[in-house]
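The structure under discussion appears below in the form of structure tokens.
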């Protein structure tokens, strides 16, 4: 058997993702795009030109294709199938073939180990890095080129293409980003930055040391933080709220009947300090008090209540 030379017209596929074909391809002339689908969008991984080789891992270990390959213009390629490959190397010592197979296995295992070498919040690190790269390189608000972004993330964090694509899919699912075939665009910069703050708290394990409040308390924390933006944005240690306003927040969240327990819990969590002057005005027993919101801790739980259900799984 001899290697097959074949001409592919523009737009033809050499192989598809998850195919179990085992051919190796050498591009003699032309251009081939390697891509995957993420969130229904075609995401470019690489563009290969004259002299490039693709598909070699499938030929060696028989694993399914991890991506698709399609010609961008008419291309001439040499195709080497498994039978031809093994015939051509029939005279090669068995120990050398063992080295090739072991190298293939080690590459696969190395990819798996990369997923475990970094900390348990690898997905969070990828998302934070995307936000950082966007602030540096998206000056004209045209988005980040996906191929460049993936390469930068792999080099910075030592992650795989698969993990990067999984996090891009995750961000798209929660509407943090929009995707075209070539670019990634962050939909709301402020929301993305706020989400990254939550992820940093998560990575530092700030939440493991805090007693989890009830859902009602989380709703109160969210309500107050949305009304007093300085809690989230200011460098001040405290935000002062008078008793009448704080009573309104309790009322909005239906916590009036248990207000004393709520205040005790907030103090125990180091979320507030209360200057108590119990001077009841109407039905408000805390009208004369002043509440000092501990901005840093309040912000942490605000972010947790808002984003806990959007925690990356890797």
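Where a number appears in this text, it was derived from the coordinates with a stated rule and is not lab data. These figures come from a predicted structure and were not determined experimentally. Cβ placement follows ideal geometry from the backbone for every residue including glycine, while neighbour counts extend to all protein chains displayed.
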Inset, instruction - Sum -39500 (n - 2.57) across every DSSP H segment of at least 4 residues in the chain, then divide by the residue count to get the 222 nm mean residue ellipticity, nearest 500. - result: -14000 deg cm²/dmol
Legend entry - Principal-axis tilt of helix 189-203 within the chain, Cα atoms, nearest 10 degrees: 90 degrees
Inset, instruction - Would you order 60, 237, 256 from fewest to most other beta-carbon atoms within 10 Å of each residue's own beta-carbon? - result: 237, 256, 60
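Have a look at the DSSP beta bridges in the chain and tell me what percent are antiparallel, nearest 5. Working shown, then result.
On the way: 41 of 41 bridges.
Roughly 100 percent of the beta bridges in the chain run antiparallel, per DSSP.
Provide Rg over Rh for the chain; use the alpha carbon set for both Rg and the Kirkwood Rh (inverse mean inverse pair distance).
Values: Rg = 28.2 Å, Rh = 23.8 Å.
Taking Rg over the Kirkwood Rh, I get 1.19.
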Inset, instruction - Averaging sequence separations of C-alpha pairs under 8 Å and six or more residues apart, then dividing by the length of the chain, give the relative contact order as a whole percent. - result: 15 percent
Inset, instruction - Please determine, in degrees from 0 to 90 and to the nearest 10, the orientation of helix 215-227 with respect to the longest principal axis defined by the Cα atoms of the chain, where the helix direction is its Cα long axis. - result: 90 degrees
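Counting DSSP beta bridges in the range 1-72, what percent are antiparallel, to the nearest 5?
Details: 15 of 15 bridges.
Of the beta bridges lying entirely in the range 1-72, close to 100 percent run antiparallel.
How large is the translational diffusion coefficient of the range 122-204 in µm² per second when you combine the Kirkwood radius over alpha carbon pairs with Stokes-Einstein at 10 °C and 1.306 mPa s? Don't skip to the end; give the middle numbers.
Details: Rh = 12.7 Å.
The estimated diffusion coefficient comes to 125 µm²/s.
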Inset, instruction - Mind pulling the angle between the C-alpha long axis of helix 259-268 and the longest principal axis of the chain? Nearest 10 degrees, somewhere in 0 to 90. - result: 60 degrees
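Average the reciprocal distances over every distinct pair of alpha-carbons in the range 1-87, invert the result, and give the Kirkwood radius in Å.
Details: mean 1/r = 0.0768 Å⁻¹.
It works out to 13.0 Å.
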Inset, instruction - Quote the relative contact order of the range 1-86 in percent (integer), defining contacts as alpha-carbon pairs under 8 Å separated by 6+ residues. - result: 49 percent
Legend entry - Taking the convex hull of Cα positions in the range 133-260, its mean projected area over all directions (nm²): 10.9 nm²
Legend entry - Compactness index (Cα Rg / 2.2 N^0.38 Å), the range 208-309: 1.01
